[in-house]
Structures are given as structure tokens and as C-alpha cells.
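Every read-out reported here was derived from the displayed coordinates using simple, explicitly stated rules and does not represent laboratory data. No experiment lies behind these values; they were computed from the predicted model shown. In this analysis, Cβ positions are derived from the backbone assuming ideal geometry, glycine residues included, and neighbour counts consider all displayed protein chains.
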Amino acid sequence: MTHYATLMLSAGIGIPVLAALNAALGRTIGAPATATAVLFLVALTAAVVAMGVTGVEGISELAAAPKHLFLAGVLIAFYVLSITYVAPHFGVGNAVFFVLLGQLISAAAIDHFGLFGAQVSALSLTRAAGIGLMAAGVWLTQQA
């Protein structure tokens, strides 16, 4: 289990770095959408290399997959476009804090209702309090 936590901690560390780097690229070239497209080209290349290393299982099943599952691509594009545009104006920390708050709310709803086939984990008072504390933390960061 600790390897899962370590992997996700590393991914979490990467999110603000991604935001700062791509925001700087968008600002440097004066085009957030172009910076986002370049990010996705680099990401596609990395994903194809990973597929080459691990194998291309699943390709033949893509046509049968429910089409709504492909909305994940639209959501990641929205995230990267919005953070690339917003971070230079609002600050990387501020932008990521609100993203984190949104992630906590969304994750709690997905887990509570078992949406998209997720394991059901009811929203307990403790989890709700944690989300409330996080929201208070986001509010506090905006007071400085």
C-alpha cells in the first residue's frame, strides 16, 4: 500500500510543478492554448513510450468502451488550459489550492455514490469535517 501512497504523493508534487512550468511557457510564448497543446504532445509521446515498454493491451477493447469514459480527456484538457491561463494571474498556489478543494469535493462525491464504478466509501462526518477544514485552509490562504 505504501507504494501507492508514494506514487500518488509524487503525482501530487508534480501538479503544481506542471502548473508553474506550463503557465510560464504560456506566458513566455503569449499563448496558453498553444502551451497546452505542446504539453499534450509531450505527454502523448511519454504515454506512447510507456505503452511500448509495458505493452499495448486494451487497444482492441477501446471501441467497445462506453463513450462517456472518454470525457476524461476533455477534463484534463480543461484543467491544463485553465491552470495555464489562470496561474500567471492568480498565482500557482492559489490556483492549485482551489483545484485541490475541487478534487476533495469531487472525490468525496465519487466515493460516496460509487460513481463510474469507484469503490463505495460513504461520506462520514470525519471525512466531511476534513473537507471543511480544507475549505477553511483555502479561505485562509486567500486572506494573506
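Given the alpha-carbon gyration tensor of the chain, what are the semi-axes of its equivalent ellipsoid in whole angstrom, ordered largest first, with each equal to the square root of 5 times an eigenvalue?
Working through the eigenvalues yields semi-axes of 27, 25, 14 Å.
Considering Cα pairs under 8 angstrom that are at least six residues apart, work out the relative contact order of the range 92-144 and quote it in whole percent.
So the answer I get is 34 percent.
Using every Cα-Cα pair within the range 92-144, state what percent have a distance larger than 19 Å. Let's see the in-between values first.
Numbers: 451 of 1378 pairs.
Cα-Cα pairs of the range 92-144 separated by over 19 Å account for 33 percent.
What is the list of residues in the range 128-143 whose amide nitrogen lies under 18 Å from a point 7 angstrom out from the Cα of F98, following Cα to Cβ?
The answer is 134-143.
Using r as the Cβ-Cβ distance of L44 and V138, and R0 as 41 Å, what FRET efficiency do you calculate, to the nearest 0.05? Don't skip to the end; give the middle numbers.
Working: r = 32 Å, r/R0 = 0.79.
Efficiency for this residue pair is about 0.80.
Counting only C-alpha contacts under 8 Å and six or more residues apart, can you give the relative contact order of the chain as a whole percent?
23 percent
Per DSSP H run of n ≥ 4, the term is -39500 (n - 2.57); total these for the chain, divide by its residue number, and report the mean residue ellipticity at 222 nm rounded to 500 deg cm²/dmol.
-26500 deg cm²/dmol
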